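This report concerns only the one structure given below.
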Amino acid sequence: MEFRKAIIAASIGAGIVLAPAAFAADADQERQSVGEYVADAALTTKVKAAIMADEALSVLDISVETTEGVVTLTGTVGTDTEVDQATTVARGVKGVKDVENRITVDPKKNRPAPAPMQPTPPAGGGMSSGASTAPHAATGN
């Protein structure tokens, strides 16, 4: 789990570092001020962290972009519930003005629900008190 978080943090950091080059290459788009860009980058990071903290979602399946406080979610998840959950999580981040959810559903990505925990048997292997746990001698007939 720690390794996964380290990989995700490195990916987010790389995105923040490499994003200015991608932004500069898009000459047709209206330019943001440095302050707006930094605010959007911080908001993107907060939304990704919130998605990562939600056990029902995978930040590896969902991409986040922010422009002027409007968060755009893209990617593919396994269920409609995950699509709705991603929107809810993003809207819950302070500073998000609106959320555009462009996430698609692919049932092949549907992750099985975690198996419910089995009750622990009572001490002594569930045998009634007074029962012998000694091995029985085999009869040689």
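How many residues are of a type in the set (Ser, Thr, Tyr), within 15 Å of residue 52 (Cα to Cα) and out of contact with any strand residue (DSSP E or B) (no Cβ under 7 Å at 6 or more places or on another chain) if we restrict to the range 62-88? Looking only at that region, the number is 1.
Rundown of residues vs (1) of a type outside the set (D, E, K, R); (2) over 15 Å from residue 87 (Cβ atoms); (3) free of Cβ contacts under 8 Å to residues at least 60 places away in the same chain, yes/no style:
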{"site": "32", "(1), (2), (3)": "yes, yes, yes"}
{"site": "54", "(1), (2), (3)": "no, no, yes"}
{"site": "57", "(1), (2), (3)": "yes, no, yes"}
{"site": "60", "(1), (2), (3)": "yes, yes, yes"}
{"site": "64", "(1), (2), (3)": "yes, no, yes"}
{"site": "72", "(1), (2), (3)": "yes, no, yes"}
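FYI, it's all coordinate maths here, none of it is from the lab. Since the model is a prediction, treat every value here as computed from it, not as a measurement. No Cβ is skipped: glycine too gets one built from the backbone with ideal geometry, and neighbour counts run over all protein chains shown.
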